[in-house]
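Accompanying notes for the structure given below.
The values are calculated or read from the model by the stated rules, or taken from the named source; none is laboratory data. Nothing here was measured: the structure is a model prediction, and the numbers come from that model. Glycine gets a Cβ as well: all are built from the backbone with ideal geometry, and neighbour counts include every protein chain shown. The protein model used for the area step is the full one, side chains on, heavy atoms only, and it has no ligands, DNA or RNA in it. Shrake-Rupley method; radii C 1.70, N 1.55, O 1.52, S 1.80 Å.
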Amino acid sequence: MGDASAFPLVTMAHLVLLAMWGGVVATEAVLEVASYRRSELAEATSRFHYWIDLLVELPVVLGVLVTGITAAILADHLTRPHAVKLSFAGLAVAVNLFCIAVVLRRDRLRLAGAPADRLHRLSRIVLTCFAVGLLCAAVAAALGFSFALGRVG
């Protein structure tokens, strides 16, 4: 479909961004689980997670999205299994973007003095997003690795 010489560069950039995204999500998961278990950490977690999402995660996720779409355009051919992989990858991105919106809203509500039980409910949504997003990302990653092995082997 596209320029074959650009494909390896785009996929390498995509893999680097995916690794960064995974590290950010793992860090946020640790913060959120600790905060969920110890309520005195909730305010700090809300603040930290807000800034991590705004300054780090959102740009990285957008980079993953751009490089993933570019790689799909540059690919020689896309099969049904590729469509399944792209669907799960798209779901992982969508869940993550939804989660970012929840995190930003939660911190704004915290600043506005929202009751702790409302903030706690939003934290449960964030943790659910981690679980669903991780499942979708794992399926996409497994398929992606199998495609890469097929090209190498």
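Odds and ends about this structure:
- Each of residue 105 and residue 84 was given a label point 7 Å from its Cα along the Cα-to-Cβ line. The distance between the two points is 3.3 nm.
- Across the chain, Cα pairs under 8 Å and at least six residues apart give a relative contact order of 32 percent.
- In Å², nearest 10: area of residue 76 left accessible to a 1.4 Å probe: 120
- Overall, the accessible surface of the stretch 27-153 at a probe of 1.4 angstrom is composed of carbon and sulfur to the extent of 71 percent.
- By accessible area with a 1.4 Å probe, ligands and nucleic acids excluded, highest first: order of 125, 69, 52, 100: 69, 125, 52, 100
- The slack between residue 66 and residue 151, meaning 0.36 nm per residue of separation minus the straight C-alpha distance, is 28.3 nm.
- Acute angle (nearest 10 degrees) that the helix 58-74 long axis makes with the longest principal axis of the chain, alpha-carbon atoms: 20
- When 10, 152 are compared by accessible area at a 1.4 angstrom probe, the order from most to least is 152, 10.
- Per residue accessible area in Å² of the chain, where ligands, DNA and RNA are left out and the probe is 1.4 Å: 59
- The order of 43, 32 by accessible area, most exposed first and with a 1.4 Å probe, is 43, 32.
- On Cα atoms only, tilt of 80-111 relative to the major axis of the chain in degrees: 20
- FRET E, pair residue 40, residue 124, Förster distance 25 Å, beta-carbon r, rounded to 0.05: 0.90
- Whole-number Å³ per residue for the convex hull built on Cα positions in the stretch 45-153: 96
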